[in-house]
Amino acid sequence: ESITVKELAGKMGREVGEVIKKLMMLGTMASINQEVDFDTASILGGEFGVDVEAIPPEEDPTEIPEIEDEEKDLVYRPPVVTVMGHVDHGKTSLLDSIRQTHVTSQEAGGITQHIGAYQVMCQGKKIVFLDTPGHEAFTAMRARGAQVTDIAILVVAADDGVMPQTIEAINHAKSAKVPIIVAINKIDRPGANPDRVKQQLAEYQLIPEEWGGDTIMVPVSAHQKTGISDLLEMILLVAEMLDLKANPNRLAYGTIIEAKLDKGRGPVSTVLVQKGTLRIGDSIIAGTAYGKVRAMVNDRGEKVKKAEPATPVEVLGLADVPQAGDILVAVDERTARAVAEKRMAKKRTEEIKQSQKVSLDDLFKQIQEGNLKDLNIVIKADVQGSIEALRQSLLNIKNKEVRVNIVHAGVGAINESDVMLAAASNALIIGFNVRPDGNARKAADSEKIDIRTYRVIYDAINDVEAAITGMLAPEF
Ligand code: GDP
């Protein structure tokens with residue numbers, strides 16, 4: 001960890017001036033309250049003939065230390081897939097037809113329960129689909145620190161081509177570093193033109209294999225149920241390359257996919273188990289909720305006694321309703337209760353503090369404190385031309401402390417999805433001749449996202465430049 005020059009001098013029994021002088025000789029200009037890292041401190045210690053030892057960082061009472069798995073205990077686990085794409089391009093239809101064609105009908109009469117995720121079989125191997133299509137759910141979870149998706153299926157209608165939400169989905173998946181498989185849907189339609197879709201996608205660095213790229217693109221029709229098996233096989237192929245593994249023989253670790261309060265049953269949460277095995281009777285904690293697993297139901301509506309990695313199950317037994325994206329872990333009862341209480345207390349103080357994300361106003365402070373190395377920006381504008389002009393000028397801002405990244409740029413009003421992406425990637429949003437809609441404004445409020453709108457490109461560039469260099473005039 002780090003220590004200020006003043007504290008270090010005190011601990012070594014030296015004058016602050018002496019320490020600063022030594023630091024200068026070592027090539028570092030430091031002030032009295034500046035923090036020095038452990039390496040620097042131990043070099044100084046050497047100079048002054050004192051032993052410097054690092055104090056192990058204090059354990060955070062709201063965290064449960066992760067169990068380290070050994071390589072030898074890891075075994076193959078099924079991939080977890082999210083379906084994304086523009087509205088009406090067939091995400092829901094595709095999920096339905098996958099379920100109908102690949103959940104064997106003798107199982108519970110072929111009826112799948114909606115629990116937020118389900119498993120299908122292909123070539124004797126399982127694939128898990130998250131049942132809430134769209135990047136909103138995906139990014140909302142990511143904003144809470146949960147990473148559950150291994151592979152994103154980007155659905156593009158062959159008769160409509162790449163649309164604004166297609167681009168959003170691409171950027172959301174890229175920002176999460178999740179590989180994309182493209183499903184070119186509705187190939188049964190008269191106006192279908194898969195080649196045009198491929199051309200359009202190439203503009204976003206998604207190049208099909210037959211054109212020398214490495215993006216898998218599968219033509220499908222959710223209506224006629226064609227291409228579905230091909231798509232599933234491709235998912236398994238990508239999964240194999242990702243070398244997905246987990247240790248089933250340990251306490252469970254997973255993510256809350258959905259949670260609700262059921263009138264009769266109390267808090268009901270769908271958990272995707274990611275590591276270990278969850279069992280009836282296990283003590284669990286998820287966010288600020290804790291309890292004991294009373295009962296578990298799988299995606300086919302059957303009661304189960306255990307759930308292994310990559311298995312979605314509905315869990316009864318938490319005393320409260322957790323939030324989607326909360327991490328669930330099985331621990332001993334005492335820890336579960338103690339940590340949940342600590343988290344509750346922390347949540348209360350945080351609500352009071354209303355912790356801020358990046359904003360232009362405190363940008364310079366964050367840069368100075370070394371908290372910010374990348375300035376992430378989401379751009380929305382009324383026309384493509386303005387986006388390009390803004391993008392170029394923003395990327396041209398040269399500063400050695402921070403690098404400007406454009407996480408997403410699109411035409412249209414600032415929407416909720418932009419805000420969630422900004423929250424997940426700690427970005428600020430710049431709107432040019434566009435404004436946030438009502439939902440975006442609400443989300444920005446609760447996620448503490450800084451939205452700046454401009455009518456003159458020069459003003460936008462100026463503000464960002466000024467903020468980076470600490471010259472931003474205060475807002476009144
Ligand atoms: P979502 O908004 O992306 O979930 O899209 P939906 O699954 O709701 O589909 C939107 C519309 O496209 C619906 O009217 C579907 O019936 C239709 N649709 C979906 N897939 C296909 C397909 O493969 N072929 C045709 N012809 N229509 C489709």
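A few comments on the model shown:
- Rounded to the nearest 20 debye, dipole of the chain from Cβ charges on Lys, Arg, Asp, Glu: 1060 debye
- Region 197-248, dipole about Cα centre (Lys/Arg Cβ +1, Asp/Glu Cβ -1), debye to the nearest 20: 220 debye
- Debye equation applied to the C-alpha atoms of region 217-267, log10 I(q)/I(0) at 0.21, 0.22, 0.28 Å⁻¹: -0.84, -0.85, -1.04
- Its relative contact order, with pairs defined as Cα atoms under 8 Å and 6+ residues apart, puts the chain at 12 percent.
- Cβ-derived FRET efficiency at R0 35 Å, N249 paired with M25, nearest 0.05: 0.05
- Inter-part distance, region 3-64 to region 214-249, computed on C-alpha centroids, equals 53 Å.
- Neighbour-limited loop hits for GluC sites (Glu not before Pro), region 1-89 (at most 12 other Cβ within 10 Å; DSSP other than H, G, I, E, B): E1, E15, E53, E58, E59, E63, E66, E68, E70
- Surface accessible to a 1.4 Å probe, per residue, for the residues of the chain, Å²: 51 Å²
- Two-site label geometry, E70 and A345: point separation in nm, points 7 Å out along Cα→Cβ: 3.7 nm
- Beta bridges per DSSP with both ends in region 219-347, % antiparallel, nearest 5: 95 percent
- FRET efficiency estimate (nearest 0.05) - Cβ-Cβ, R403 to E233, R0 30 angstrom: 0.15
- If you plug the beta carbon distance of K303 and E447 into 1/(1 + (r/R0)^6) with R0 = 45 Å, you get a FRET efficiency near 0.75.
- Linear extension gain, D96 paired with R265, 0.36 nm per residue minus alpha-carbon span: 58.1 nm
- Considering only V52, S283, M24, the residue lying farthest towards the positive end of the dipole of the chain is S283, judged by Cα position with unit charges set on Cβ.
- Net charge over other residues, Cβ less than 12 angstrom from the Cβ of A336 (K, R count +1; D, E count -1): +1
- Interchain or long-range residues, amide H under 5 Å from L74's placed H: none
- Considering only the chain, percent of DSSP beta bridges that pair antiparallel, nearest 5: 55 percent
- Across all directions, the shadow cast by the convex hull of the chain built on its C-alpha atoms averages 28.0 square nanometres.
- Zone residues, region 369-412, relative to N433, backbone N less than 15 Å from point 7 Å out along Cα-to-Cβ: 380-391, 410-412
- Unsatisfied cross-links (Cα-Cα over 21 Å) in the set K6/K347; K186/K225; K126/K305; K174/K380: K6/K347
- Region 243-364, accessible surface, carbon-and-sulfur percent (1.4 angstrom probe): 50 percent
- Available extension along the chain between E53 and A389 is 115.8 nm, counting 0.36 nm per residue and deducting the alpha carbon span.
- Interchain or long-range residues, amide H under 5 Å from T453's placed H: G431
- Those trypsin sites (Lys or Arg not before Pro) in region 388-432 that DSSP places in a loop and that have at most 16 other beta carbons within 10 Å: K398, K400
- Taking a straight line from the alpha carbon of K263, these aspartates and glutamates sit under 18 Å away, with near neighbours fewer than eight places off in the same chain left out: E314, D320.
The values are calculated or read from the model by the stated rules, or taken from the named source; none is laboratory data. All of these numbers come straight from a predicted model, not from anything done at the bench. Cβ: placed from backbone, ideal geometry, glycine included. Neighbour counts: every protein chain shown. With ligands, DNA and RNA removed, areas are computed over all heavy atoms of the protein, side chains included. Shrake-Rupley method; radii C 1.70, N 1.55, O 1.52, S 1.80 Å.
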